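Before any comments, here is the structure.
The values are calculated or read from the model by the stated rules, or taken from the named source; none is laboratory data. The shown structure was predicted, so the numbers you read here are calculated from the model rather than taken from an experiment. Quick reminder, even Gly has a Cβ in these numbers, built from the backbone with ideal geometry, and neighbours come from all protein chains shown.
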Amino acid sequence: MAAMTQAHVLAGEDPAAVALAAEAIRRGEAVAFPTETVYGLGANALDPLAVARVFEAKGRPRFDPLIVHLAEPGEIARYAHAADAADPRVARLVERFWPGPLTVVLRKLTLIPGIVTAGLETVALRMPDHPVALALIAAAGVPIAAPSANRFGGLSPTRAEHVVRQLGRRVGIVLDGGPCRVGVESTVVLLAGGRAALLRPGGLPTEAIEEAIGPLEVLPDGPIGELAALSPGRQAVHYAPATPLELRAPDSPVRPTPGERIGLLAANEDGRRTAESVGGPFAAVEVLSATGDPVEAAARLFEALHRLDEAGVGLIVAQPVPERGLGRAVMDRLRRAAAASGA
Ligand code: TXA
Ligand code: MG
């Protein structure tokens, strides 16, 4: 991404600053803002390209699912499956602990793009307990997807200066809300489909949650434990397409045998044309970005994989993308998918 000039650090309590930041969010930009736990780097959760810019600014070599920040508890029903939104345990937790350092993971509605959830069918929702965060979300008029506002591998920021040090040249606006009161990330609880399991300990003690809704499942940890699959930020296990996937250069001929259905995931328009001229025909085709823009490719990756999965093909042939910027994260996902399918 083009290096920017130094970020504008604006006083979070100034309504004009919040209005500017909200406009930037609506334009599809990423904005750093304070919460009671840590500073977040937020973007419009309903705009896949805006969310891709967050991953780009963080320099994450892979995609982790992000928490969607809401301004009001009533917004849960807009983004989560009705049965999960109506779960009385969700109501009890939200009533007691929102706004606050508690994130609930529920089955998502299709309005939430795949890049927000790294392809998972669930979405993490939280209402932060910070006046600046709440004012920003309300003024933007959209939910805000935000990871902690640090570079990949860096420490979570609890002051505006920490954000500036790590991301000062990669974000336009940092809203300064002073030091974060809690200082550790939110507690994440899975409440999808009638479950109740701790995914990440955090700023709200587990005891307080159990007091409200009874014992939480403790999931087996470790690289292949269920926790790894359900809380992908902790371990690098993510959504992989159900269909086998193979990485192939555009000029390597792929010819389906009679009756065989192969899907093509092209890196760009040229790649699609080349693959279709040296091989094919393909039963379904997705192009990550016509021009090969890595930010756009990242924004489309999970939706494209889901569509190919649903197209009833026996194999997905994916073209490698250049490992620059978000291209590294895209390639990380494609390599994992290829390794998982053994194709
Ligand atoms: O306090 C916080 O939670 C801060 C502030 C900015 O709100 N945010 C934060 O985001 O810590 P991040 O991206 O560093 O961590 C998000 C956590 C990860 O552990 C991730 O695996 C989990 O939430 N998560 C997000 N979506 C999930 C989903 N659909 N299923 C399971 N876990 C999910
Ligand atoms: Mg983090």
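Some points to look at:
- Test: Ala304 is hydrophobic (A, V, I, L, M, F, W, C), out of contact with any Lys or Arg (no Cβ under 9 Å at 6 or more places or on another chain) and modelled with pLDDT under 90: no
- Within segment 23-37, tally of residues that are crowded, with 24+ Cβ neighbours inside 10 Å, over 17 Å from Pro294 (Cβ atoms) and touching a helix residue (DSSP H, G or I) at 6+ places or on another chain (Cβ under 9 Å): 6
- Any hit, segment 38-46, residues being on the phi < 0 side of the Ramachandran plot and away from ligand 1 (no atom under 15 Å from the Cβ): yes
- Any hit, segment 145-152, residues being touching a helix residue (DSSP H, G or I) at 6+ places or on another chain (Cβ under 7 Å), near ligand 1 (Cβ under 9 Å from one of its atoms) and under 14 Å from Gly12 (Cβ atoms): yes
- Identification of strands (runs of 3 or more DSSP E) wholly contained in segment 82-166 with 3 or more residues that are away from ligand 2 (no atom under 16 Å from the Cβ) and closer than 30 Å to Ala212 by Cβ yields 102-107, 122-126.
- Test: residue in segment 206-213 that is in a loop (DSSP other than H, G, I, E, B) and either modelled with pLDDT under 95 or in the same structural domain as Leu120 (by TED's automatic domain parsing) (or both): no
- Residue in segment 38-52 that is within 16 Å of ligand 2 (Cβ to nearest atom), assigned to a helix (DSSP H, G or I) and either surrounded by 24 or more Cβ atoms within 10 Å (Cβ to Cβ) or assigned by TED's automatic domain parsing to the domain that holds Pro131 (or both) present: yes
- Residues of segment 243-282 that are assigned to a helix (DSSP H, G or I) and either under 23 Å from Asp332 (Cα atoms) or outside the structural domain of Arg328 (by TED's automatic domain parsing) (or both): Glu269, Asp270, Gly271, Arg272, Ala275.
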